[in-house]
Every structure is written in C-alpha cells, then in structure tokens.
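This report concerns only the one structure given below.
The values are calculated or read from the model by the stated rules, or taken from the named source; none is laboratory data. Worth saying up front: this structure is predicted, and the values here are computed from it rather than measured. Every residue, glycine among them, receives a Cβ derived from its backbone with ideal geometry; neighbour counts consider all protein chains shown. Surface areas here come from the heavy atoms of the whole protein model, side chains and all, with no ligands, DNA or RNA. Shrake-Rupley method; radii C 1.70, N 1.55, O 1.52, S 1.80 Å.
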Amino acid sequence: MDPSNISLNKAAIIRKIPLFADLSAAARKLIEEKSYIAEYRKDHILYREGDPPSSFYCIITGRVRVFVKTPSGSERTLINLHRGDYVGIISLLTNEPHSASVRIINDALILRIDKANFSVLLKEIPQLAIKLSQSLSRRLKKKDAEPKSVFESTIISVFGLAKKAGRTMYAVNLAIALAYETRKRVILLDMSRTGEECASMLRADKMPLPVDLKTLTFDHEKIRPLIVDLESSGICLLNVAYDSEEPSALTQLGPLLSYLAAEFNYIVVDLPIVIDKSMYAVLAQSDLIHLVTDCDEHNLKATGRLIDELSKGIKDFGPRLKVIMNEFVAEKAYEERVKTLGHKPYATLPDLGLLGGIMSMGLPPVLAVPDSFYSRTVRRIARDIGKILVGLALSSGAALGLAHVGVIKVLEREKIPIDFIAGTSIGAVVGAFWASGLDAAELEKIALRFRSKRMLLSLADFSLFPLLGFINGRNLTRFFREYLGRKTFHDTHIPIKIISSTLRSRQLVVIDEGRLVDALRASCSIPAIVKPYRKGDDFLIDGGTLDPVPIDILSRLGAKKIIAVNCLPSPDEMLKPFQEFEERRRKEELRMAERSVFARALFKFRRWTRRTFTPNFLDVLMTSSLSMQYVLAEASSREADCVLHPIIPTVNWFELYKVEALIKRGEEEAQRMLPQIKALIEE
C-alpha cells in the first residue's frame, strides 16, 4: 500500500518527539519542511530485511514490530515499538541494507523523512547529526554484543512512618506480583533491624544470613551466597539487617543496589521506619518510591509532611512517588482522608480480613487468592510498574451496547486482567456496573430484565415541556441507583473513566470523581432525547458525540495493551438488512397479486402506515447520531491493539428487548477474538 499524506499539526508533533524536542525552532522548522506524515494499515511492511535504505520513520500512533527471518523460515521478533520510537536510522547512516524487517502491528501514522531530505537535514543541523551518531554507536555496540534483549531494572523502595500499617506485607506481595505478572527476575531486599521480617512472613524454610554492612569495601562475591531463591514464591530474598548507627551503611548500600540492579529486573526494598542519611540515599537512588500509610489521622498528617520534605531534597521526586493507603481502619470518608494527607493516593488497599490469617500461614494473598480485591489491586500495581497495563474501552451504541455484557462474560471467564475501563453512554453503564463489583452473571441478570418491553417503558419518564429532552431522566437515575446506591469512583474494584461532553462549550469531559450514578446520568444524556445533566453553568450530554470509543483516555492512563469494543455498525453493515427488507417487500407485493381484494387493501394500508410513521424523528435523530459516531469510532479504534465488533445489523437502537441475542453476539465475538486477546496479554 502506498502511504498517504495526512493533514495534521506536524509542527506540534515534531516538538513532542524526543529526538527533535531540544533542537532549535529553526531546525525543527526545517525538519517540518523535509518530512511528511504517512498512514499505514495493519500488516503493512515498512521495509524488509535486505532492502536498501530509503527513509527515516518515526512512530506517531500505532505500533510496529521489528523482526528477522530464522533459518527455518519463521519470524523472530526483536522488539515492538510504540509512539516516539524510530527505525531506519542505521541503514541511512551506514548506507547498508536493512538488517531486519518492520511490520505495522495495527494502523499507524508515521513521520517519514526520505533519504535525500534526510541527508540535507544532517548537513544543515549538526546537532541532529551528533545525536544520531551517538544513537548509531550505542546500537552498533549492542549489535556486536551477545544476542540478548536490553536489560532493564527498576528499584522500588517501600517506605512508611507508621508501624503495623501493612508496609512489609505490601512489599512482600508486590515482589511476588511483579514476578508473576512480568515473568522477570525479582528480588526482595529486607532492611529491617533483624533482617528477618520478610522471611518470617513468608515462612521461609531457610532463614537467610544478613549482609554485613560493617566493612568499608563492597564485595560482590560475598553477596551471591546470601541471596536465597524462594521457588514457591517466584522471587529471591536478601536480608540486610540495617543498623542506623552503623556508619559504613551509607557507603555500602549504593554499591549493593547497583549490583542487584545489574542482576535483577526489579528490586523491591522494604525500608525500616527511620529517616537518616542512608535511607535518604536509598530513596534518592530509587526509580519508584511507594509510601505506605494507614488511615490514622496522625499517620496521614505525618506522611503528608514527609512528602513535602522529601520533595524539597530529592530531584524529580514527584513523578517517582506513589502513596499507598491501607484501609485497615477507615473511620472517615475517603475524601476527608485525602484532605488530611494533602495528596491523592496512587492506590488504596482494602482490609485483608480473612486474608490476614492466610498471610500468617505463609501464603501470600497474591498467590493463595489472586482474585481477591487486595490481590487484584497489588497485581494491577505490578502491571503498572512492568508497563503491561491492560485497558478496556467500551463504546456507545444504545441498545447495541448490551453486547458488552457478552464480551465481559468471556473476559471474566478467561481471567483476562483488566486494569482500567473507559466507557461512553451504554458502555459506561455496563463498565461501571462491572467495575463496582457486580460479576458477569449479575450483569447478565440485570440486562435480561429488558426482555420485557415494559421495563424499557418504565425508564421513559416523558417530560410535559420537552425543552431540553423528551425524557427527564429521573427513572434512569433511579435504575442506576438501584444497583450502585451511593457508590463513588473510589468504591470501584477496577478504575473506570466515564466519558461525557459539555453542551455549550462542546468539550470532552472525563469523569472519575464523585458518585457513579451522577456520572452515568451525564454520559447517557442522549441529545434531544434525554434531558442533559446540569453541572455548574453548563450541561453534560452523551459522551458518544465526541468520543464514542474512548481509547485515547486509556493511553493517557498508561495502558500499553488496549482492548476496544465497538458496537457501532458501519454503513455496509446497515445496508445489507435494508436490502434484505426491500427484497422481502418486493416478494410480498408479487404474492399480493394473487390474494383477495381485502388482503391487498390491508397490505396497502400497512405499507402506507409504515411509510407515513417510519422513520420518525427519533429514528432520524439517533440514526444520524450513530452514523457520525461510527466515523469517530472507526478512527479511534486504530489506536487499539485488539478491536471487537459485535454487531447485529437487524437490531435497532431502541430494541433493548433483544438483549439475549445481543449478549450472545458479544460472547461469540469475544470468543472469536480470544486467541488475539490472549496473545496480546502474553506479549
């Protein structure tokens, strides 16, 4: 396929590309003049192994796969690249054929600079030439080294000021979850005074000897025998037995962490409850800092003060900080606790309850009961650290959106991890009900209530003065409240974003605070049908008008793997049932020629009635709206890694009573796409 130029703000895109970001405005302007944006479809080959150099490619949207052919003829993936990454540089700079092939994984926009223009840029922009030469040097060194992937490591310090706030329990479970979710090497570093707290909690058969920090020189050879492999938990354990009065600790801990970072992908450090120079140094070296606190007012205030102090002395402290709030004893509302802390928690952990007893037996919840609320939260944190978060986007589509229930049945049955949900209109309703704790069976039971047309009519509280909409929406709110009560976004088991849009300013609104019922009422305010939801001086309406498949929201949340469900039918899908209807009508007219006069008259009357009253203004309004939403949805879906399209073209937008067929269609589509979904999760 030939690339096609796309009309976008190329200057803004170039400013955001790391390779060009720090160049002068004049240099970026020249790059803008010498480049163009091309669109490529899924499975398109940018270039093949052995092809001569032709262009420089930088990914704007989508993903690409770099691979080589093995002697057996199969393909071996070298790396998957995302937005901001670039390919083709080595061949351009060395003028040698490409050493690998590049295939588009899903539809992508690529910033492309052809060979001749690339040569001009190198001459005109010396700084760019230097940066590219440095990049080439690094890549060639890796190429000459033994063939293995680039080793990356992350140091995560778990710290807290409160005793018995669940810090060590969290550190232990986080380490195990990291090993389980990422399938990489993880070590847990116990820095308690005894150096035995983690091992005791895990009921380790062998109590590891602690690292001796009293020497002034660090010896790698002395550390290796002290690392214990806990096969049952999938992690390694190293004890330090930290003594705050030992002066050599300050000089020893840095080299120790550096050594572990070269051997393990993730180092989880369970720090003691002390603040001294050594602990300060560990926090400063950490890639992530997880501050654990309980809900005690004194501890919340102390943690807030600690955050303020650390932010003054540690560079780039803010992005690395994650506050973990254990809700063991939560007497006050979540909003009050956040106000006392002065910072919004990254995650809240529920009271362990019976899980505490399981933990006391040496069985970490993430292994013993991986589907518990506590375990799912810790596993989600682990996937975030591992950059493998999974997002689920649920589209608008009125009645057609009931297919979402069938999709969720399959995802739940197959234990597909979902870390974030973003939903619009009917997608927001199904997503919010699921995120609030209702399982797929309960969702189906609720949906099947719509088999009765009376149920549909019970939601329609028609307005006497339909100035803003024919339906007031009070019955709709009552229906939501029946299942969600006063639950807020904080009460959800899975984080969810509900999409709406403002009526006057026509801006997209992402709702993630307050009561779920209010957010759903706003997202389901179909223009001219359901009265808009007032918020301040503006009104909120159906989010499908601007973002029918909210994939971009998931990307901003950090989701690296996105599953999208698009329930909006395409024009071609709508054309087929129309053609079938016309064919049935023609055959019926031919049969009428042989019927009685009365039968022919009745047929003509029915035809007149149908032509007179259908389509009505609601059909015109909704069909037009869904048609426009489909165009937006189709463009948005290009950003997803896996797109499900559970459509029944013969079902109209208002036919909620065909719920059984819609749920079944959702199941069928999810089952059909299951191999692709599982492959995505396993990447």
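State yes or no: is residue 172 assigned to a helix (DSSP H, G or I), among the hydrophobic types (A, V, I, L, M, F, W, C), open to solvent by less than 80 Å² (accessible area, probe 1.4 Å) and modelled with pLDDT of 80 or more?
yes
Residues of the stretch 39-76 being under 15 Å from residue 97 (Cβ atoms) and part of a loop (DSSP other than H, G, I, E, B), which ones?
If the condition is that a residue be under 15 Å from residue 97 (Cβ atoms) and part of a loop (DSSP other than H, G, I, E, B), then 48, 49, 50, 51, 52, 53, 54 are the ones that fit.
Looking at the stretch 55-82, I want the residues that are touching a residue at least 40 places away in the same chain (Cβ under 8 Å) and surrounded by 13 or more Cβ atoms within 10 Å (Cβ to Cβ) and have a partner that is polar (S, T, N, Q) and assigned to a strand (DSSP E or B) with Cβ atoms under 7 Å, at least 6 apart or on another chain. Which pairs are those?
62/106; 63/80; 63/106; 65/77; 65/80
Output the residue which, of all residues in the stretch 360-375 that are within 14 Å of residue 200 (Cα to Cα) and modelled with pLDDT of 60 or more, is surrounded by the fewest Cβ atoms within 10 Å (Cβ to Cβ).
Per the stated criteria, the residue is 361.
Assess whether residue 177 counts as being of a type in the set (A, V, I, L, M, F, W, C), open to solvent by less than 10 Å² (accessible area, probe 1.4 Å) and closer than 14 Å to residue 228 by Cα.
In short, no.
Cβ contacts < 9 Å: first residue more than 20 Å from residue 568 (Cα to Cα) and touching a residue at least 60 places away in the same chain (Cβ under 8 Å), restricted to the stretch 666-683; second residue open to solvent by 40 Å² or more (accessible area, probe 1.4 Å) and basic (Lys, Arg), any location; separation 6+ or different chain. Result?
683/560
Checking residue 432 against (1) closer than 23 Å to residue 682 by Cα; (2) at pLDDT 95 or above; (3) not in a loop (DSSP other than H, G, I, E, B), only one condition comes out false. Which one?
Failing condition for residue 432: (1).
Taking the stretch 233-279, which residues are open to solvent by 20 Å² or more (accessible area, probe 1.4 Å), in contact with a Leu (Cβ under 8 Å, 6 or more places away or on another chain) and among the hydroxyl-bearing types (Ser, Thr, Tyr)?
251
Condition first: closer than 13 Å to residue 515 by Cβ and open to solvent by 70 Å² or more (accessible area, probe 1.4 Å). Now tell me which residues in the stretch 469-484 satisfy that.
The answer is 481, and nothing else.
Filter the helices (runs of 4 or more DSSP H) completely within the stretch 586-683 down to those with at least 3 residues that are modelled with pLDDT under 65 and surrounded by fewer than 16 Cβ atoms within 10 Å (Cβ to Cβ).
Ranges flagged: 597-613, 617-637.
If you go through the stretch 567-585 one residue at a time, do you hit one that is open to solvent by less than 50 Å² (accessible area, probe 1.4 Å), at negative phi, basic (Lys, Arg) and at pLDDT below 90?
Yes, the conditions are met somewhere in the stretch 567-585.
Could you list, in sequence order, all residues of the stretch 6-31 that are without any contact (Cβ under 8 Å) to a residue 40 or more places away in the chain and touching an Asp or Glu at 6+ places or on another chain (Cβ under 6 Å)?
Result: 11, single match.
Residue under question is residue 278, and the condition is that it be within 27 Å of residue 230 (Cβ to Cβ) and of a type in the set (S, T, N, Q); does it hold?
yes
If you go through the stretch 258-314, how many residues are free of Cβ contacts under 8 Å to residues at least 24 places away in the same chain, farther than 23 Å from residue 213 by Cα and not charged (D, E, K, R)?
2
If I filter the stretch 32-43 for residues that are without any contact (Cβ under 8 Å) to a residue 24 or more places away in the chain and surrounded by fewer than 19 Cβ atoms within 10 Å (Cβ to Cβ), do I get at least one hit?
Checked the stretch 32-43: at least one residue is without any contact (Cβ under 8 Å) to a residue 24 or more places away in the chain and surrounded by fewer than 19 Cβ atoms within 10 Å (Cβ to Cβ).
(1) part of a helix (DSSP H, G or I); (2) under 30 Å from residue 558 (Cβ atoms); (3) modelled with pLDDT under 85: which one isn't true of residue 127, the others all being true?
Unmet condition: (2).
Out of (1) assigned to a loop (DSSP other than H, G, I, E, B); (2) within 29 Å of the chain's Cα centre (by Cα), the odd one out for residue 98 is which?
Tallying (1) assigned to a loop (DSSP other than H, G, I, E, B); (2) within 29 Å of the chain's Cα centre (by Cα), residue 98 fails exactly one: (2).
Among the residues of the stretch 180-199, is any among the small types (Gly, Ala, Ser) and open to solvent by 10 Å² or more (accessible area, probe 1.4 Å)?
No, the stretch 180-199 contains no residue that is among the small types (Gly, Ala, Ser) and open to solvent by 10 Å² or more (accessible area, probe 1.4 Å).
Scan the stretch 215-228 residue by residue and report those that are exposed (fewer than 11 other Cβ atoms within 10 Å of the Cβ) and either modelled with pLDDT of 90 or more or under 14 Å from residue 253 (Cβ atoms) (or both).
Scanning the stretch 215-228 gives 216, 217.
With the checklist (1) out of contact with any Lys or Arg (no Cβ under 8 Å at 6 or more places or on another chain); (2) assigned to a loop (DSSP other than H, G, I, E, B); (3) of a type in the set (Asp, Glu) in hand, flag the one item residue 229 doesn't pass.
Going through the list (1) out of contact with any Lys or Arg (no Cβ under 8 Å at 6 or more places or on another chain); (2) assigned to a loop (DSSP other than H, G, I, E, B); (3) of a type in the set (Asp, Glu), residue 229 breaks only (2).
Please find, among 105, 113, 79, 90, the residue that is in contact with a helix residue (DSSP H, G or I) (Cβ under 7 Å, 6 or more places away or on another chain), part of a strand (DSSP E or B) and at pLDDT 75 or above.
Testing whether each residue is in contact with a helix residue (DSSP H, G or I) (Cβ under 7 Å, 6 or more places away or on another chain), part of a strand (DSSP E or B) and at pLDDT 75 or above leaves just 113.
Could you check how many residues of the stretch 268-313 are over 29 Å from the mean Cα position of the chain (by Cα) and either among the β-branched types (Val, Ile, Thr) or not in a helix (DSSP H, G or I) (or both)?
8
Need pairs with beta-carbon distance below 8 Å; first residue more than 21 Å from residue 412 (Cβ to Cβ) and within the stretch 442-453, second open to solvent by 50 Å² or more (accessible area, probe 1.4 Å) and of a type outside the set (Phe, Trp, Tyr); sequence gap 6+ or separate chains.
Cβ pairs passing all conditions: 451/660.
Given 177, 204, which one is of a type outside the set (Phe, Trp, Tyr) and closer than 28 Å to residue 417 by Cα?
177
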